[in-house]
Amino acid sequence: MTAGGAPSPQVEVVPLGRVNSTAAQVVAANLQALLELDAMVVGPWPEPAQALVPARGQYDAGIILQDLATPQGGALRLGILGKDLCVPFLTYVLGESQLGGRAAVMSLHRLSEGEGGGRAPRHLMLERAAKVGLHEIAHVMGLEHCRTAGCLMRFSAGLATLDRLNMGFCPACRRDLIHLKIQLIVKAPAR
């Protein structure tokens, strides 16, 4: 509940199989801090074996989204997977979401990559995880991609682009998020 007694939106951060628990907590904390959503890490779900694309060694994000989005109503869900994600038309994705829907999924798999094939520092991996989680949940809330340089809603084709994004939203996206959050509060079932 919010201070005024109205129900607050909630996001369930769902580990899918074995996932870095610190990364899941950091993502939830940033959803609370930057989007002011009631977010919590829930118990892990099994790794989504039904979404594995054996020929690619990756997991189909669309199949995972369908599982996360049911049943309808209640909390929004952000699945976090330690394995690589794909969609049929892209080599990989860091995250995928249902625009204005109920669910998003993100992968930690590539977020530890550093320059020259090494490992990125832990703080950078956690920052990247927070950025992807915020971006995907903002899509679920109904926010589309932004063209403003540095805005967290700018399309990110890879880690170099992701690293250049701010840990926040441009003024226009912040304004839109306020309206979208109000819509979430109005639609939220009573708890």
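Could you tell me which numbered condition C151 fails, if it satisfies all but one of (1) surrounded by 13 or more Cβ atoms within 10 Å (Cβ to Cβ); (2) part of a helix (DSSP H, G or I); (3) without any contact (Cβ under 8 Å) to a residue 24 or more places away in the chain; (4) not aliphatic (A, V, I, L, M)?
Looking at each condition in turn, C151 falls short on (2).
Pull up region 119-148, narrow it to residues that are over 20 Å from V26 (Cβ atoms) and not hydroxyl-bearing (S, T, Y), then point me to the one that is surrounded by the fewest Cβ atoms within 10 Å (Cβ to Cβ).
If we filter region 119-148 for residues that are over 20 Å from V26 (Cβ atoms), which is where we start, we get 142-148.
Those left that are additionally not hydroxyl-bearing (S, T, Y): 142-147.
Details: G142: 16, L143: 21, E144: 12, H145: 14, C146: 18, R147: 10.
For region 119-148, the residue satisfying everything is R147.
Among the residues of region 99-118, write down those that are touching a residue at least 40 places away in the same chain (Cβ under 8 Å), in a loop (DSSP other than H, G, I, E, B) and either surrounded by 20 or more Cβ atoms within 10 Å (Cβ to Cβ) or touching an Asp or Glu at 6+ places or on another chain (Cβ under 6 Å) (or both).
L108, L111
Within region 1-23, which residues are part of a loop (DSSP other than H, G, I, E, B), touching a Pro at 6+ places or on another chain (Cβ under 9 Å) and either among the aliphatic types (A, V, I, L, M) or at pLDDT 50 or above (or both)?
Start the filter on region 1-23 by keeping residues that are part of a loop (DSSP other than H, G, I, E, B), which leaves 1-9, 17-20.
From what's left, touching a Pro at 6+ places or on another chain (Cβ under 9 Å): 1, 7, 17-19.
Matches in region 1-23: M1, G17, R18, V19.
Would you mind telling me which numbered condition in (1) of a type in the set (G, A, S); (2) touching a Lys or Arg at 6+ places or on another chain (Cβ under 7 Å); (3) under 12 Å from I137 (Cβ atoms) A69 fails?
(3)
Pairs please, first residue from region 47-65 and farther than 9 Å from L85 by Cα, second anywhere and in a helix (DSSP H, G or I) and not β-branched (V, I, T), Cβ atoms under 7 Å, 6+ apart in sequence or on different chains.
P48/D67; I63/Q50; I63/A51; I64/A51
Over 18 Å from the mean Cα position of the chain (by Cα) and modelled with pLDDT of 95 or more - does that describe any residue in region 83-105?
no
Step by step: first the residues of region 46-65, then only those that are of a type outside the set (G, A, S) and surrounded by fewer than 16 Cβ atoms within 10 Å (Cβ to Cβ), then the one that is farthest from the chain's Cα centre (by Cα). Which residue is that? Step through it out loud before you land on a result.
Keep residues of region 46-65 that are of a type outside the set (G, A, S), which gives 46-48, 50, 52-54, 56, 58-60, 63-65.
Then drop every residue that is not surrounded by fewer than 16 Cβ atoms within 10 Å (Cβ to Cβ), which leaves 46, 50, 52-54, 56, 63.
Values: P46: 18, Q50: 21, L52: 20, V53: 21, P54: 24, R56: 23, I63: 16 Å.
Among those that are of a type outside the set (G, A, S) and surrounded by fewer than 16 Cβ atoms within 10 Å (Cβ to Cβ), it is P54.
The values are calculated or read from the model by the stated rules, or taken from the named source; none is laboratory data. Everything numeric here is computed off the predicted structure, so don't read it as measured data. Note: ideal-geometry Cβ built from the backbone for every residue, glycine included; neighbour counts use all protein chains shown.
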